[in-house]
Amino acid sequence: MEQTQTNDTITAIRGAALTYIDNPFRKPVEDCVVYESDALIVMQDGKISQFGPAGDLMPGLPDGTEVTTYDNSLILPGFIDCHVHYPQTEIIGAYGAQLIDWLNKYTFIAEQNFKSKDHAREVAKVFLREGLRCGTTTSCVFCTVDPTSVDAFFEESEKLNMRNIAGKVLMDRNAPKELMDTPQTGYDQTQELINRWHDKGRSLYCVTPRFAPTSTPEQMEMAGAVWKENPGTYLQSHVSENLGEIAWVNELYPDCNGYVDVYHQYGHLGERSILGHGVHLTEEEFQVLHDTGTAISHCPTSNLFLGSGLFSVESAMNEKRPIRVGLATDLGAGTNFSQLVTMNDAYKVAQINGYPLSAHHAYYLATLGAANALYLDDKIGSIEVGKEADLTVLDLNATPILGYRLKYAKDIDEVLFVIMTLGDDRTSCATYVAGNRVYSREMQIRKEQFVESLMIDQ
């Protein structure tokens, strides 16, 4: 088991480190990236207290400070997943029909099992374990319609002191009756969960209408109201993922001027609102998102798997009306927990769109860009003094071909690109949450270790 440090414990890690301090989509890369080939990161009280060249900082460490050195590795801010469904962990890799068929055949069936607290807790443990094993330290999470699923998730997240965002799904039509609530029960349960979990430790609550087709106008109005009644909470949903879905929304909401306008009319847009996908957004819709400060989670793996389409990062980052964008796995339509794999797919999607996405752009979307999309860039997303100490360590020799290929990398730009094209879950060798090492792959004994709260009962 990993040892949990006390609040007054000072620990440090040493190795090559890279972080972003600004947006490379809008400024020259050299003004946005900080790279130290031999860095020291000092952590105390769950935060980063020092960061800089090891040669400068090592002499000033208090006597007895534990320093863990990572050779042939790269230390990054913990990855942030802006859109993911933890109840879909058990259906990851299910045969990929189109979106609506996939929901009916797999998702809605699996989610009916989450009335059981034991089942919800088991899945939450697996979900968190797999994320940490891939270096993901924060996620914006859809639970199910049952409040039990939310309690189970936050309870497991709280044991690890993780900064996670999650909420109870709201659905009162076009779904199995076992998964439907009502505007009133949805309001009451959401308010109770906010009171219980929002801003408790590092937990944050997200009002979660699944998407416009599964909520009546009455429930959409309620969701906007309860969000506004609770400043500092989040709102998440889906938008313009699939052409058939868009046509359905237009039929259900004929008085609205498109999909984004549905959310706009019901008060769902604004700061700390993040909508998944946005594959088929119009220029007018991009403008509305910009004007309201609403973010989009880019889900390339899921969009490819379900054949939904190709999100245009280039359009989203248009300097005349840029919007906030963060990278997301969108499990279980997404087929991998690793943000490295997701970056790989984001690059391919951009290539098809005629926009060569650089490694720096991709890593930004998974770290500081994602934090910016979630309005958490003052707390997480970069390695900076005063930020919360959520970190991932990537092993540059994780696989034989990765190690071999990197021998020929000319600079850090190429190193980053090779890691995101050849890397996967095997690449992460350690993960830190609030300064505590919660996952490590001990190379000398070829063994994976998790904190006790993540161990699944045998």
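What follows is calculated from the coordinates using simple rules that are stated; it is not laboratory data. Just so it is clear, the structure is predicted and the values come from calculations on it, not from any experiment. Positions of Cβ are generated from backbone atoms using ideal geometry, with glycine treated the same way; all protein chains shown enter the neighbour counts.
Brief remarks follow.
- Degrees separating the helix 217-229 axis from the principal Cα axis of the chain, which is the longest one: 40 degrees
- Gyration tensor verdict on region 80-195 (Cα atoms; rounded if a/c is under 1.5, prolate if a/b is larger than b/c, oblate otherwise): oblate
- Compared with the alpha-carbon gap, the fully stretched path from V385 to D291 is longer by 30.7 nm at 0.36 nm per residue.
- For G167, the residues whose modelled amide H falls within less than 5 Å of its own, excluding neighbours fewer than 5 places apart on the same chain, are V141, C143, C206.
- Per residue, the chain reaches -9500 deg cm²/dmol at 222 nm when only DSSP H runs of four or more residues are counted, each adding -39500 (n - 2.57).
- Angle between the chain longest axis and helix 412-422 axis [Cα atoms, degrees, rounded to 10]: 60 degrees
- Rounded to the nearest 20, the size of the Cβ-charge dipole of the chain about its Cα centre is 620 debye, with Lys and Arg at +1 and Asp and Glu at -1.
- Spin-label pair T216/E178, simplified geometry with 7 Å Cα→Cβ offset, distance in nm: 2.3 nm
- Gyration tensor (alpha-carbon) shape descriptor, region 79-373, a/c threshold 1.5: rounded
- Axis of helix 243-252 versus longest Cα principal axis of the chain: the two differ by about 40°, to the nearest ten degrees.
- When the Cα positions of G15, P322, L306 are compared along the charge dipole of the chain, G15 comes out farthest toward the positive end, with charges on each C-beta of Lys, Arg, Asp and Glu.
- Listed residues G167, F114, L340: farthest to the positive end of the dipole of region 79-373 (Cβ charges): L340
- Cα gyration tensor, region 333-439 - rounded (a/c under 1.5), prolate or oblate: oblate
- Neighbour-count ranking [beta-carbon atoms within 10 angstrom, fewest first] of Y347, Y375, Y363: Y375, Y347, Y363
- Computed label-point distance, nm, for sites A409 and E158 using a 7 Å Cα→Cβ extension: 4.0 nm
- Taking 20 Å as the straight-line reach from the Cα of K228, the lysines in range (excluding those fewer than 8 positions away in the same chain) are K168, K200.
- Of all beta bridges that DSSP places with both ends in the chain, some 50 percent have antiparallel geometry.
- When only Cα pairs below 8 angstrom with a gap of at least 6 residues are kept, the chain shows a relative contact order of 21 percent.
- Taken along its principal axes, the alpha carbon cloud of region 1-108 reaches lengths of 61, 42, 25 Å, longest axis first.
- Coil-residue trypsin sites (Lys or Arg not before Pro) of region 7-114, DSSP, other Cβ within 10 Å capped at 13: R26
- Note on Q50 and K320: their simple-model spin labels are 5.0 nm apart, each label 7 Å out from Cα toward Cβ.
- Compared with the direct C-alpha span, the chain from K228 to A97 gains 43.5 nm at full extension, assuming 0.36 nm per residue.
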